[in-house]
Amino acid sequence: MTTEQWPSAGARGPRVVALGGGHGLAATLGALRHVCSALTAVVTVADDGGSSGRLRHELGKLPPGDLRMALSALCDDSEWGLTWRDVLQHRFRSSGPLDGHALGNLLIVALWDLLGDEVAGLDWVGRLLGARGRVLPMAAVPLDIEARVRMGDTEQERVVRGQSRVAVTSGNIASVRLIPEEPPAHPEAVRAVREAEWVVLGPGSWYTSVIPHLLVPDLARALAETDARRAVTLNLSAQPGETEGMSAADHLRTLVEHGPDLRIDVVLADPTAVDDIDGLLAAARDLGAQVLLRQVSAGDGTPRHDPLRLAAAYRDAFEGVLGDVGEATGSA
């Protein structure tokens, strides 16, 4: 599958690129597939734990786990697509070396070995799933994430390296960087961003899944120069360790601190998850962005996005319905 095979933007919705990783990106894709048919996921490749970390270190490949999750989120709704999604997500449980490995990780790495091309391998898995969109790696090489973490109210800092460790670190993260420091972006990811009509960042682990896209120079440049509009989707709750104590406004400020050339057009938030709406509105206004407040949570008390509610919110953003539902305040 190539971008030339995508439906045209007029077929259904705009051309959308979603950036992130893990469960946050899967939630975005599960919603966006309902409102656009030209959809691409650009996925972080810094995972160093679990099955992905083992395959990365043993075989020297990109970590496949977040890529697998994105593909699974795009699977066709038929029995065929759902069955192959479950096969991809299946984890072995044993007392031997296969314990904990996801079959989809093994399949993806096998295709990379056979084809010698990460994008071609991911496209083949997408065909198997009947995926409604493409999945691309953010960078062409595996990455490490390194964070500077402040300890309590003191000025003392320590350095934490590795996505799996940064995600659960205690203390306040001051900044993150990638190792290697200026990694090569994957050319297909850069192309997708430049050709998009909308780019969506978040939700997800802020410092380990969202911000890393802003630290890959060619990708950051594409995000700054693309004609696409840019939407940021805020999380439904703070992540223990990584973003504990951060307000919604703080999330926006950290994005711009790590990507000073990033322009944001729309900030999507669930009002029940925002502790200071006035602060969020002020922070968005400073960035030239409008805030779209919609209930997008599942409503069962857990911090999970409801895919249809989130899809409706994205549709409002794309169509310029940025005030109360039914009140148009702009054009996409």
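Of note:
- Segments classed as strands (runs of 3 or more DSSP E), wholly inside segment 58-163, with at least 1 members that are within 19 Å of the chain's Cα centre (by Cα): 134-137, 144-150
- Counted residues, segment 34-57 - those being assigned to a loop (DSSP other than H, G, I, E, B), touching a helix residue (DSSP H, G or I) at 6+ places or on another chain (Cβ under 7 Å) and among the polar types (S, T, N, Q): 1
- Counting the residues of segment 38-59 that are out of contact with any strand residue (DSSP E or B) (no Cβ under 9 Å at 6 or more places or on another chain) and in contact (Cβ under 8 Å) with a residue 24 or more places away in the chain gives 7.
- Criterion violated by P260 - all others in (1) in contact (Cβ under 8 Å) with a residue 12 or more places away in the chain; (2) open to solvent by 20 Å² or more (accessible area, probe 1.4 Å) satisfied: (1)
- Any pair with Cβ under 9 angstrom, 6 or more apart, that starts in segment 227-246 at a residue that is more than 17 Å from P212 (Cα to Cα) and of a type in the set (D, E) and ends at one that is at pLDDT below 90 and in a strand (DSSP E or B): E244/N172
- Test: residue in segment 198-216 that is farther than 20 Å from T28 by Cα and touching a residue at least 12 places away in the same chain (Cβ under 8 Å): yes
- Among the residues making up segment 75-101, those that are in contact with a strand residue (DSSP E or B) (Cβ under 8 Å, 6 or more places away or on another chain) and open to solvent by less than 50 Å² (accessible area, probe 1.4 Å) are L88, G100, H101.
- Residues (in contact with a helix residue (DSSP H, G or I) (Cβ under 7 Å, 6 or more places away or on another chain) and closer than 25 Å to I108 by Cα) located in segment 144-163: I145, Q163
- Output for segment 232-245, where each listed residue is part of a loop (DSSP other than H, G, I, E, B) and either open to solvent by less than 40 Å² (accessible area, probe 1.4 Å) or in contact with a helix residue (DSSP H, G or I) (Cβ under 6 Å, 6 or more places away or on another chain) (or both): L234, N235, L236, G241, E242, T243
- For segment 193-204, the set of residues classified as in a helix (DSSP H, G or I) and open to solvent by less than 10 Å² (accessible area, probe 1.4 Å) consists of V193 only.
- Among the residues of segment 205-231, those that are open to solvent by 10 Å² or more (accessible area, probe 1.4 Å) and either outside any loop (DSSP other than H, G, I, E, B) or in contact with a His (Cβ under 7 Å, 6 or more places away or on another chain) (or both) comprise L214, L215, P217, D218, A220, R221, A224, E225, R229.
The values are calculated or read from the model by the stated rules, or taken from the named source; none is laboratory data. Since this is a predicted model, take the numbers as computed values, not measurements. Positions of Cβ are generated from backbone atoms using ideal geometry, with glycine treated the same way; all protein chains shown enter the neighbour counts. Areas reflect the complete protein model, heavy atoms only, side chains present, ligands, DNA and RNA absent. Shrake-Rupley method; radii C 1.70, N 1.55, O 1.52, S 1.80 Å.
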